[in-house]
Structure formats: C-alpha cells, structure tokens
Amino acid sequence: MRGLMMDFPLTLTAIFNRAERLFSKVEIVSRRPDGSLVRQTFGEFHRRTRRLAHALRNAGIQRGERVATLMWNHSAQLEAYFGIPLAGAVLHTLNLRLHPNEIAFIAKHADDQLLIVDDVLLPIYEKFKDKVNFKRVIVVPFCGNPLPAGLENYEDFIASASGDIEPPQMEENEAAAMCFTSGTTGNPKGVLYSHRSLVLHSLAEAMVDGCGIGHHSAVLQVTPMFHANGWGLPYTAIMTGAKLVLPGPMVDSESILDLIEQEAITVSCGVPTVWLGVIAALEKYPERWKPRRTVQVISGGSAPPESLIRALDRYGFHLRHLWGMTETTPVATLGGLKSDMRDSSEDEKYRARSKQGWPAPFVELRVMTESGVAPWDGKAYGELEVRGPWVASSYYEAPETRNRWAEDGWFKTGDIATIDADGYLRILDRTKDMIKSGGEWISSVDLENALMGHPAVREAAVIGLPHPKWQERPLAVVVLKPGSEANTGDLTRFLAAKFAKWQLPDEIVFADEIPRTSVGKFLKAKLRDQYADWKWEQK
C-alpha cells in the first residue's frame, strides 16, 4: 500500500521562495575586494536573483545548460547560486586557484555556455579565454575600470530584466549545480548535484547535530564557494534565514577575526590552516578580539590536530570536524561528543573530537578489506566506501572512472579508515599518494610525470610531508641523468608552466636513487620514513 502524501518536489526553488516570504529583513554582508562592506537584505537579494534568472533566460540559456562562475565569496556569487538554477540551468563554480589550463579543460568538458567573472579575476580569464567557447562573458564590476571589448557589465545585465518570471517547474532529480574535483590522478572529474541532493544535504546540515544553523545564526562563509559546493552552507543559510557574511578575497586571519567580532558570528567554516592562522593571531594579540558568543567552527579538508582544537577552545571557538568530499556534497560525517561521554575525561573527549565523527542521517559508511566488510571495532582498516542520497553515483561524462564505484553502487573514497563501535570514523591514510595542502588536493603522480619530462631528470618521486601551516606540502626527490645538470630553480620554473603556484613542490631534493618495491614501483613509504624529520625551513 502506498502512502497518501503529496508528491512535492525537493528543489532549490522551494528553498528560495520560502526565504523570500519569511526572511526578507535578514541581512547579507558582503566584503568587496577593496575591503569595504556592502549590506543588503534577503529581500534585496531575492529581487536581484530573480533578475539574474530572468536575464539568463533572455540570453537564451536553456534548461540544463551550464553557466560558469569565476568569483570570490560575495553577494553576486550567492545570486548565482540560486539565480542560475532558478533559470533552469546548472551552476558551475570554477576553482580560480587551478592552473589556467585546468580551468580551460574543466569549462570545455562541462560545455559551459556563459561565464560570470569578477573584474579583479579578469587576468586569470585572459590566460585561458582562447581555449574556451563561452557565448557571453558577464563581468561583476568592482574596480570601475572600462571593460575589454566584448565583455558585459553584470549590473547592466541583470538590470535588463524585470525578474517577473515564474521559474520552470523543476523535477527534483534534475541537475542544479556542478563542481569538479582533482582528487585523483588524471583529468579533473565533474560531480553533478541534483536539486534533491542539495535540499536533503541542507536539511541535514541545519540539524543541531549537523552544523547547527538556524534563523538566529550568523554564518561566516570562509570556505571558497567554488570549492566542494561551498560545503553547502550558502544553501543552508538561505533555507533557514540565517545571517550570511561573505568575506570576498580577504581571508587572512585578522580580517576573519574582525568579521567574527563585528558581525557577531556564531558559525564559520574553513580548512585547518585557516584556524591555525587564527590561533596565531589570537596568541599574538590576546586582547584585540573578543567574540560575543561561542563560535562553532566547522573544519574539514584535512584532520585538525588535537592541539588546534584545544587552543581554539581557550579563545571561545568550538571546532567540529567534518569529513566529506566533493563527491559527497560534501558533508558525510560530523565530529562531536555523544551523550554517554558527558562524564568522560577531558583527554578522552578531545580524542573523540579529533576523529572524523559519525555519519550524517541517510549517509552510510563501510570499510572494505580484501576479505570483505571490516567490523566496527576501531582496529580493522581498509578502504572507506560511502553511499547516500547526496553521494555521487558517477562522474560527469567520464565512463572510464566507473571503477570508483563498487558493483553494488557504493562509492570508493580512496581513503584508508577505521570505524569504532560507537560509529566514529577515523581516516588513517589514502590509497593513492595524493597530497592535501590547505584543503586542496595535489597529485604527486602528475608532478612526477612532469618532472620526468625535463631533459635532465631521470627519475622523480613526490611525497607529502607534514607542514606547520598547510598540514601537508609536496617534497620532490629527483635523480638526474648522468652528466646532466639542473637545480631547484630550473625545475620549479619548468613545472610552473603546467601547475599553479600552490601545487609546486616547496623543496626539491637531489638523490642518487629512489627506493623501489619488488615490482619496480617507487617505494614512497620508505621515502616518507627517510624524510620524516624534514624541516621546511632548512635549505
């Protein structure tokens, strides 16, 4: 027997309409690249967003077509988060930190039809514009400089439409947004989020045991909105009517702390390196900032050290560790303490908070070993697999990656993990030798292959080593060809033609040989042991 409930679609349109009716007086604070703050209400945001959707329809953007953005965190990016799906199109956030060649590949693979870009980011666009096929480029004006020929002003673009249109009746499983991940070797992979997945993710994220976001929250979106779906927080803030603060490109520690204090922030998000910098600033100026209330810090990207959690507690910041991926929208688990741990020792509580936490509702985890599913005992380890209503079922037009999913549909994360009897996840390592620096992936294999393309290089291996600021940074070990010469500067300049600056190895070591396994592969575990005591300040 079927239940007698309405078949009501779960779409971003429903979230948008609810916020428009209920929370029109709530504030959105947006920092411009020059440091000035712009304040608008939800009501003003909704009117501008409707105009953007209308203008996109007038521009000929069809249902399901991709519209790209290349922007910092500010109000126009938030308008795109909703305006593009309201037009029936698919939001595609481009990662401005990637090498221009990678951005071009991603935009072409997604078949992006139109680009919305900050004027301060036009120098990046100039580096890849000849490799893409955008029909129109719309520029968000900040500097007031004349636009290059052929580019259009964003304010003029949205002013050309009234916003008086009805969004199409979207089916909840239609695509709403897209992000690409470079979390594995080879070309970046596209993750295509449905309206349904984003709505369910927002509901889970708003829960007290999620990110705890409600109408009385003030959310500081430090995490780039072009990275891993902005961690879903823009959707959740709009859904709940929370005050939203967008810091633009100014995400240095002092600017973050200024906003936290001035805007009475209750929830913020960012990778551990952000909060390491915040602690350094607080310790340097202990009397300068006094948060009005406890700030819940949502941290992901890499595991925060226990010492960071303890230090933040001393200054009124409560860190909660999440684990997720672009493929999981991204929140799959959130750390915290269970009710039966109230009487546990302080050390036991911090050890629990240092773990990746337990799964969000409707997300299921398992650890797979060669002999099958591992028990939840905190000891047995293997590759972590995940499934749920906001977990990707495949990559966008990449059939060669089908092996990333098990035969029964679970997604293979590439992480090595354990799960204890209480359901706490603990990530131990990664199956592939990826390096995670400041929340972004760096492919060691791609760097190695590029280095070995240098005429003087015989062999090269790249490993990730702990770094006091970035958690991990790449160290390259290079063997030169007999009779050849090259120095660190030569090889760094060679790599810079293919990789973004943050992807380059911080140091290059020259060696006589690289240890190998019995089958001839580089033995990176031995290299990590060999350089375990590496000090980044040494030359």
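Tabulated data for the structure shown
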| item | result |
| --- | --- |
| Residue that is among the hydroxyl-bearing types (Ser, Thr, Tyr), surrounded by fewer than 18 Cβ atoms within 10 Å (Cβ to Cβ) and out of contact with any strand residue (DSSP E or B) (no Cβ under 6 Å at 6 or more places or on another chain), where the choices are SER443, SER393 | SER393 |
| Any hit, the stretch 139-159, residues being among the β-branched types (Val, Ile, Thr) and within 27 Å of the chain's Cα centre (by Cα) | yes |
| Qualifying residue in the stretch 280-297 (condition: farther than 29 Å from ARG473 by Cα, surrounded by fewer than 21 Cβ atoms within 10 Å (Cβ to Cβ), in contact with a helix residue (DSSP H, G or I) (Cβ under 9 Å, 6 or more places away or on another chain) and modelled with pLDDT of 95 or more) | no |
| Test: residue in the stretch 248-261 that is out of contact with any helix residue (DSSP H, G or I) (no Cβ under 6 Å at 6 or more places or on another chain), buried (at least 20 other Cβ atoms within 10 Å of the Cβ), charged (D, E, K, R) and in contact (Cβ under 8 Å) with a residue 12 or more places away in the chain | no |
| Criterion: in contact (Cβ under 8 Å) with a residue 12 or more places away in the chain and on the phi < 0 side of the Ramachandran plot - qualifying residue of PRO286, PRO291 | PRO291 |
| Total residues in the stretch 101-121, condition of a type outside the set (S, T, N, Q) and in contact with a strand residue (DSSP E or B) (Cβ under 7 Å, 6 or more places away or on another chain) | 13 |
| Selection from the stretch 41-74 of residues that are basic (Lys, Arg) and surrounded by 24 or more Cβ atoms within 10 Å (Cβ to Cβ) | ARG50 |
| All strands (runs of 3 or more DSSP E) inside the stretch 434-502 with 2 or more residues being touching a residue at least 40 places away in the same chain (Cβ under 8 Å), among the hydrophobic types (A, V, I, L, M, F, W, C) and touching an Asp or Glu at 6+ places or on another chain (Cβ under 9 Å) | 457-467, 471-480 |
| Among residues of the stretch 83-117, those that are within 17 Å of GLU155 (Cα to Cα) and assigned to a helix (DSSP H, G or I), counted | 2 |
| Restricting the stretch 170-214 to residues that are among the polar types (S, T, N, Q) and over 20 Å from THR69 (Cβ atoms), the residue that is modelled with the highest pLDDT | ASN173 |
| Subset tally (residues that are in contact with a Leu (Cβ under 9 Å, 6 or more places away or on another chain) and either closer than 20 Å to GLU306 by Cα or of a type in the set (Lys, Arg) (or both)) for the stretch 272-294 | 8 |
| Contacts under 7 angstrom Cβ, first residue in the stretch 22-35 being within 17 Å of ALA76 (Cβ to Cβ), partner modelled with pLDDT of 95 or more and of a type in the set (Asp, Glu), 6 or more apart | VAL29/GLU263 |
| Qualifying residues in the stretch 327-358 (those that are modelled with pLDDT of 95 or more and of a type in the set (Ser, Thr, Tyr)) - the one farthest from SER393 (Cα to Cα) | SER345 |
| Check on ILE309, buried (at least 22 other Cβ atoms within 10 Å of the Cβ), within 29 Å of LEU428 (Cα to Cα), without any contact (Cβ under 8 Å) to a residue 60 or more places away in the chain and not small (Gly, Ala, Ser) | yes |
| Unmet criterion (only one of (1) in contact with a Ser or Thr (Cβ under 8 Å, 6 or more places away or on another chain); (2) of a type outside the set (D, E, K, R); (3) modelled with pLDDT of 90 or more) for LEU523 | (3) |
| Per-region count, the stretch 480-508, residues more than 23 Å from TRP441 (Cα to Cα) and crowded, with 17+ Cβ neighbours inside 10 Å | 2 |
| Pairs with Cβ under 7 Å, 6+ apart, first in the stretch 523-539 and surrounded by 10 or more Cβ atoms within 10 Å (Cβ to Cβ), second modelled with pLDDT under 85 and in a loop (DSSP other than H, G, I, E, B) | LEU523/THR517; LYS524/ASP433 |
| Looking only at the stretch 401-433, and only at residues there that are among the charged types (D, E, K, R) and in a helix (DSSP H, G or I), the one that is surrounded by the most Cβ atoms within 10 Å (Cβ to Cβ) | ARG404 |
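The values are calculated or read from the model by the stated rules, or taken from the named source; none is laboratory data. Everything quoted here is computed from the prediction, not taken from an experiment. Don't worry about glycine lacking a Cβ; one is built from the backbone with ideal geometry, like all the others, and counts go over all protein chains shown.
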